[in-house]
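The next block holds one structure in the form of structure tokens; read it before the comments.
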Amino acid sequence: MAGIGFELKQILREQSLSSVVKTFGYSAVLSSGPWVISMIIILGIGLTNIYLSNTADPHDILLKASVTYVSALALSSIYTGFLQLPFTRFTADRMYEKKYYLILPNFFGTLIITVIVGFLISLPLAFIVFHNQSNLFILLYISLFIVVSCVWIANILAASLKLYKYIILFYLIGYGSIYLFSILLREYELIGFLIAFLIGNSLLFILLFLGIVYHYPSYNPDNKRFIRFDMYTQKYGKFYWKLGWSGISYNLAIWIDKVIFWYSPVLGYAVVDRLHASMVYDFPIFLAYLSIIPGMAIFFFRLEADFAKAYDNFYSALIKHGTLKQIKQYKYDMIIAVKRSIQEILFVQGMFNILLFLSAEKLFELLQLPKLYLPLFYVDVIGVQLQLGFMSILAYLYYLDRQKEALIYTLLFVLLNALLTWVSIQLGPYFYGYGFSVTLLILFVSSIYTLNKILQELDYQTFMLQ
């Protein structure tokens, strides 16, 4: 766990301003690089094609293409959320057992399941949602859904194996190809964009796949099968159901407020057949999510450099029969690491948000967005900052194997976000976005209390309740 953290600490030990900038810049790229690359290139696709397009309404075609692609991303992330965390945990357990040769065959097995189930989900869904589109459009959408689902699985494994630098490079190549093909195929309008998205994501998946295959061996005298499904059998324990439901709940919760706005009779409108969007809600929340890059950098550094080390020391002391004094000290180190990360996230992200609020009007003028959306943008910025804090607490809960608590909080995230978002719409325009933000405020405060209680009782829970 501490490989990348050790490298970051080595840079920081230079004790200069440039080393601080380099360390947290590096953390920002590693934690947010793929996401930022994809967003910037998609924005670039829009601006470039509007400039070059000869069609009557390029904005309409780009909107249809982007909404179609976002729907594939959203649905595939929710669907594969059921497999991402369990497969990551399965991989971690096999690494601990030094059974590296089992990772690659089970990766192949998980991909097969992802493709088969993804096809069964996307086929009827495509015909229901896109009932007026051509068979070619439906075929491209199903293919895109399956490929993006495979990207999620490959990405989560590559990230858990610490292939950060390669992931960033692969995203640059994959989304760069999307940009290139979207320009070359712009004459084919919506179909051309779907083909560009499919080519780029296919290339991204192939690169991630090859990186994983290169990193892990598959041959061992004890392993004579190229494809395995051990994660779903009793051989290595039962399937991690709590992690699976946590993953699907968290991804569903992220999107559920958007879906409610999309299909609100007043705020949503049809873009492609039964696929909707919301001009009022989509742009402010999109910009707000881009604002949490500084907080992501702080969290990544503290998780990898501080907490991972303290966590490793604590459980190594338990396994190797360390003294009680050592165990208590390492537990204290974990508590300090968590406190420091939360404090720094709130402080750094809060300062950045203040600067963002002061420059928001000019930013909206630059992007040619109505200033009417500014109040919603302010609320969403606070909301995504709270989501970053809540996500940090969930990460610590997963580290400590508190699957039950994580599942409860992710289920609450779904229910509260859906309920309070609906209430905010009923209350009127001044309350838009408050459902999302208030939900995260409740969850963040309560999850801090839960995590603090778990950490304070960690040594007692370890020794007395086994």
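The values are calculated or read from the model by the stated rules, or taken from the named source; none is laboratory data. Worth saying up front: this structure is predicted, and the values here are computed from it rather than measured. Every residue, glycine as well, gets a Cβ built from its backbone with ideal geometry; the counts of neighbours run over all protein chains shown. Remember, those area values only see protein heavy atoms, side chains included, never the ligands or the DNA or RNA. Shrake-Rupley method; radii C 1.70, N 1.55, O 1.52, S 1.80 Å.
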Inset, instruction - At a temperature of 4 °C and a viscosity of 1.567 mPa s, determine how fast segment 60-105 diffuses translationally according to Stokes-Einstein, using the Kirkwood radius over alpha-carbon pairs as Rh; express D in µm²/s, rounded to the nearest whole number. - result: 100 µm²/s
Inset, instruction - Based on a Kirkwood Rh over C-alpha pairs, give the Stokes-Einstein translational diffusion coefficient of segment 80-233 at 10 °C and viscosity 1.306 mPa s in µm²/s. - result: 95 µm²/s
Legend entry - Listed peptides 415-426, 436-447 by packing density, highest first (mean Cβ within 10 Å): 436-447, 415-426
Legend entry - Extension gain, LEU366 back to VAL117 (0.36 nm per residue minus Cα-Cα distance, nm): 85.3 nm
Legend entry - Accessible area per residue, Å², segment 314-355 with all protein chains present, probe 1.4 Å: 63 Å²
Inset, instruction - Treating only the Cβ atoms of Lys and Arg (+1) and Asp and Glu (-1) as charged, compute the dipole magnitude of the chain about its Cα centre; round to the nearest 20 debye. - result: 1440 debye
Legend entry - q = 0.11, 0.16, 0.22, 0.23 Å⁻¹: log10 I(q)/I(0) that the Debye formula gives for segment 118-182, counting C-alpha atoms only: -0.37, -0.68, -0.93, -0.96
Inset, instruction - Would you compute, for the Cα atoms of segment 272-332, the largest minus smallest coordinate along each principal axis and list the three values in descending order, in whole Å? - result: 64, 26, 13
Inset, instruction - Compute from the Cα atoms of segment 79-119 the Rg and the Dmax, the latter being the longest Cα-Cα distance, and quote both in angstrom. - result: 10.9, 34
Inset, instruction - Give the carbon-plus-sulfur fraction of the accessible surface of segment 339-380 in %, rounded to a whole number; probe 1.4 Å, heavy atoms of protein chains only. - result: 69 percent
Inset, instruction - Go from 0 up to the bin containing the longest alpha carbon distance in segment 82-152, width 10 Å each, and give me the % of pairs per bin. - result: 19, 39, 23, 14, 6, 0
Inset, instruction - In Å³ and rounded to a whole number, note down the convex hull volume per residue for the Cα atoms of the chain. - result: 160 Å³
Legend entry - Where Cα atoms sit under 28 Å apart: lysine pairs in segment 196-338 separated by 8 or more or lying on different chains: 13
Inset, instruction - Normalise the Debye intensity by I(0) for segment 334-466, one equal point scatterer per Cα, no solvent, then take log10 at q = 0.13, 0.16 Å⁻¹ and round to two decimals. - result: -0.66, -0.89
Legend entry - Of every Cα-Cα pair in segment 145-209, the percent that sits beyond 20 Å: 28 percent
Legend entry - Charge context of SER246, other residues only, Cβ under 13 angstrom, K/R +1, D/E -1: +2
Inset, instruction - Find, to one decimal place in angstroms, the Kirkwood hydrodynamic radius of segment 246-349, where the mean of 1/r is taken over every pair of different Cα atoms and then inverted. - result: 17.2 Å
Legend entry - Two-decimal Rg/Rh across segment 335-395, once Rg and the Kirkwood Rh are taken from alpha-carbon atoms: 1.10
